[in-house]
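The structure appears right after this line, and notes come after that.
The values are calculated or read from the model by the stated rules, or taken from the named source; none is laboratory data. The structure displayed is predicted, hence computed values, not measured ones. So basically every Cβ, Gly included, is an ideal-geometry build from the backbone, and we count neighbours across all protein chains shown.
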Amino acid sequence: MAVVPRKLIALSRMKIVDYEPRFRSAFKRLNVDWIETHWQLEAADHQALDDPQKHIIDPGGHIFLALDDPDVVGTCALIRLTDITFELAKMAVDPSARARGIGSALGAAVIEKARSLGAQELYLESNTILQPAINLYRKLGFEEFVGEPSPYERCNIQMMLNLRM
């Protein structure tokens, strides 16, 4: 009998699903929790988290949720910046569900969706104290670069993934 690693068992129960209005409070809760662990919410956070339909989805973005039925244990947004540049944003995984590959699955879903929408660049902003997140972004292929000034005071690193084929 083959032994299946615990991480694979956990991932087999998890599903990545598209955002629906019923997930609005979970999307906000997960993001507020991680932001307030280290910083305070900023104006740009309030806009996206209070009305994700208006500020993320309607302008051509997308939100994914990770479900460990029936619980929402993770989320990640894809925000359209231009016709060819999108931002990976608002990635959050519940502390009780970390180290199970959920962030990787969400990141992969966002990258695939960005490609399907014609993105040539996928951008993100973060902070280097979030070392597990920075490591994940590097594993997904993101590289550091210097872009336009961030609207977030907490941002001290910008990363880009080139999606041009």
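Quick grid of which residues meet (1) in contact with a strand residue (DSSP E or B) (Cβ under 6 Å, 6 or more places away or on another chain); (2) modelled with pLDDT under 95; (3) of a type outside the set (A, V, I, L, M):
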residue	(1), (2), (3)
88	yes, no, no
95	no, yes, yes
99	no, yes, no
106	yes, no, no
119	yes, no, no
142	yes, no, yes
145	yes, yes, yes
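Residues that are part of a strand (DSSP E or B) and at pLDDT below 95 do occur in segment 60-77, at least one of them. Of all the criteria given as (1) over 17 Å from residue 35 (Cβ atoms); (2) of a type in the set (Ser, Thr, Tyr); (3) touching a residue at least 40 places away in the same chain (Cβ under 8 Å), the one not satisfied by residue 152 is (1). Of 92, 99, 77, all but one fail to be closer than 23 Å to residue 13 by Cα and loosely packed, with under 14 Cβ neighbours inside 10 Å; the exception is 99.
For the residues 159, 91, the requirement of being assigned to a strand (DSSP E or B), in contact (Cβ under 8 Å) with a residue 12 or more places away in the chain and over 23 Å from residue 19 (Cα atoms) singles out 159.
Residue count for segment 102-157, restricted to those that are of a type in the set (D, E, K, R), surrounded by fewer than 15 Cβ atoms within 10 Å (Cβ to Cβ) and under 19 Å from residue 75 (Cα atoms): 4. Only a single criterion out of (1) free of Cβ contacts under 8 Å to residues at least 40 places away in the same chain; (2) in contact with a Leu (Cβ under 6 Å, 6 or more places away or on another chain); (3) over 24 Å from residue 120 (Cα atoms) is not satisfied by residue 71, namely (2).
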